[in-house]
1. Using Cα-only point scatterers and the Debye equation, what is log10 of I(q)/I(0) for the stretch 313-462 at each q in 0.08, 0.11, 0.14 Å⁻¹, rounded to two decimals?
2. Compute the projected area of the convex hull of the Cα atoms of the stretch 387-462, averaged over all viewing directions, and report it in nm² to one decimal place.
3. If the stretch 165-270 were replaced by its equivalent ellipsoid, with semi-axes equal to the square roots of 5 times the Cα gyration tensor eigenvalues, what would those be, largest first, whole Å?
4. What list of ³J(HN,Hα) couplings, whole Hz, do you get for the stretch 315-326 from phi and the Karplus terms 6.51, -1.76, 1.60, once you set θ to phi - 60° and write x for glycine and proline?
5. Using heavy-atom solvent-accessible surface (probe 1.4 Å) with all chains present, what is the largest-first order of 337, 126, 149, 260?
6. Could you give each residue of the stretch 135-151 its phi-based ³J(HN,Hα) in whole Hz, using Karplus coefficients 6.51, -1.76, 1.60 with θ = phi - 60°, and x for Gly or Pro?
7. Rounded to the nearest 10 Å², what accessible area does residue 451 have for a 1.4 Å probe in the complete protein model?
8. Which order do 313, 409 take when ranked by solvent-accessible area (1.4 Å probe, heavy atoms of all protein chains), largest first?
Amino acid sequence: MPGPPASEPGAPAAPGNPEPNAPAPNGTSRTSVAAAQAGAPAPGCASPGSPGPNPPVVNGTSQDGADAASASAPAAGLFPTPPLPEPGAPPPDPRASNAGGADCSPRGAEVSAGEADIQPVPRRTYLLTGSLVLSLLVLSLLSAGLGAYDIPLSDVVSSLQHRVGLGGHALDRVGESVLWNVRLPRVVLALLVGASLGCAGALMQGVFGNPLAEPAIIGIASGAAVGAVGAVALGLSFLGNWTVTACAFVAGLVTVLVVYSLSRSGGKTEVVTLILTGIAVNAFAGALIGLFIFFADNAQITQITFWQLGSLSQSTWPRVLAVLPCAVAGLAVAPFYARKLDLLALGERPARHLGVDVERLRIALVLVVALLTAAAVAVAGIITFVGLLVPHLLRMAHGSGHRYLIPGSALGGALMLVAGDLAARTVAEPAELPLGVLTALFGSPFFFLLLRRTRRKQGGWA
């Protein structure tokens, strides 16, 4: 006895016919249909074993033709067959078969992540970097020529060309001596100290997650000051002219290690504990400095006071060579931590989930900051606000990404200190103002405005 006629595709189901999920005549159960639907690929993406969006044709009928013919009309509507390509058209790419254009290849997510990581450099990055480099070059040449004994800019360039073998001519005996023994060591030292302090400030703000942090917050500067003041007050001279510098450098590093050891508990170091420990160590260092000054004589008190105010007046080529290895090492290592600092800005827990060893990162960066700051303070004294102002100004101008913030802060710190040293030498000629006084004089009002701006932006501190 012949069976009922098969319904045409697209025709409505006749009354009494089984529903799409009912057992099929060939024995297919509802569970099999549900399993097939659960194992179906995402819309628009072919499964690994499927022939693709256009199955091959055999005897004029596609391989899934029988399945489509045996399925009911509603089921055929759920998985429509794509139209065949026109004759002569190139075969379609299976990866582009989805409506959204996403890559369905096994490495699609990995390629997308890699492409997202490689982004074009914004135009403002080139403009800001070029402006900083050009300003730094021009200001350095001007600083080498201006002072109590003026040297024209053309003579400065000519003498530099003569020394490197690119033509030019040598200056007279006095001009050559002033330029190469007084001015250029001072300019180079200002570049190194400013770059070190600016880079250290950017690192500290990234470690603490606070744009108001600076290297002095963990006691590096005060510890170095204790070493230098103690060497002067006790009359130490076991290293000759290098005694004060060496004592300041060693004392700064030791202070950082003490602060970190005291703030570490249970194998972890909390930021709040580190800051509070640094405040306590700063207070203790101030007390030690007061005791040394009390027992020092008048000549020693004058030397201690001038060193605490910060100055580059004692710049020589040996001092440049003394700070050069520490500055170059710290400035070379710091950019490698830029990506981890960006992840740390999301928070400690998300950074750990993304594979960042927060504790090891914090230890490494605190050591880098200690190296940069201790070397700078040892040769130039206490110079404040450079590590606070420069990174925050760059963050306002360019953004908070550390890939540019770290090297940009080094350039900005060098520019700020060269400009400050030039002003200290020329504002009150023939006298010389302490460099630390000028940076604090202009930095403290900006710090106050920064606090007001942050409070207004956050709607209060509570």
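The values are calculated or read from the model by the stated rules, or taken from the named source; none is laboratory data. Model, not experiment: these values are computed from the prediction. With ligands, DNA and RNA removed, areas are computed over all heavy atoms of the protein, side chains included. Shrake-Rupley method; radii C 1.70, N 1.55, O 1.52, S 1.80 Å.
1. -0.29, -0.54, -0.85
2. Working: hull surface 23.4 nm².
Seen from a random direction, the Cα hull of the stretch 387-462 projects 5.9 nm² on average.
3. Numbers: eigenvalues 274, 95, 18 Å².
Each semi-axis is √(5λ); the values are 37, 22, 9 Å.
4. 6, 9, 4, x, 5, 4, 5, 6, 8, 4, x, 5
5. On the way: 337 50, 126 150, 149 90, 260 25 Å².
My answer, sorted largest first, is 126, 149, 337, 260.
6. 5, 5, 5, 5, 5, 5, 5, 5, 5, 6, x, 8, x, 4, 10, 6, 10
7. 60 Å²
8. Values: 313 45, 409 0 Å².
Largest to smallest exposure gives the sequence 313, 409.
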